[in-house]
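Since the structure comes first, as structure tokens, the remarks are kept for the end.
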Amino acid sequence: MYALYLHVQCRGLDWQVASTAQIFSVLRSAFSAVEDLTLEYRRYGVSSEWHNEADRAQWRDLLRSFSNVKTLRVPSELTNHLSRSLQFEDGDSPVGLLPELKVLSYSYDREFVDAFTAFIDARRISGRPVTVGDYNPFF
């Protein structure tokens, strides 16, 4: 097993996600074998732009690089952002993004308890159920 840590430092979350998606798209073939993915987010310093949100397309571009991911861990800082990006609209395929995903772990904070419900329900209905786990980065 190999581990890769990539640190992308930009002013806002939107820039971090977009920059990371660009890097990963170039290396997509190398990341297609990744089965276990843990996302992290650290905000350094105080910036007037720290609250910028990455749009749905940026998150999806980033996640497309990981077509074989079976386990995805999402910290509380990204739960709200990512859950909105994984909501499906008319014409979206619930298995087109992260088609091999089996386990989604995220913090069960009271604020986020139902964050991924729409995504999980869509996957279950499509015949590709996802098991939910509690993500605690300290264990």
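The values are calculated or read from the model by the stated rules, or taken from the named source; none is laboratory data. This one's a predicted model, so the numbers in the text were calculated from it and none came from an experiment. Ideal geometry is used to build each Cβ from the backbone, glycine not excepted, and the neighbour counts take in all protein chains shown. The accessibility values were calculated without ligands, DNA or RNA, using every heavy atom of the protein model including side chains. Shrake-Rupley method; radii C 1.70, N 1.55, O 1.52, S 1.80 Å.
Where in the range 6-45 are there trypsin sites (Lys or Arg not before Pro) that are in a DSSP coil and have at most 15 other Cβ atoms within 10 angstrom of their Cβ?
On the way: sites: ARG11, ARG28, ARG42, ARG43; in loops: ARG11, ARG42, ARG43.
The qualifying sites are ARG11, ARG42, ARG43.
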Relative to the present Cα-Cα distance, how much length would full extension add between GLU77 and ALA30 at 0.36 nm per residue of separation?
14.2 nm
Only residues of the range 75-115 count here: report those whose backbone N is under 14 Å from the spot 7 Å along Cα→Cβ of ASP134, or say none.
105-113
Using a 1.4 Å probe over the heavy atoms of the protein chains, calculate the carbon and sulfur portion of the accessible area of the range 58-139 as a whole percent.
48
Length released on extending from ASP92 to GLN22, taking residue separation times 0.36 nm less the Cα-Cα span
23.0 nm
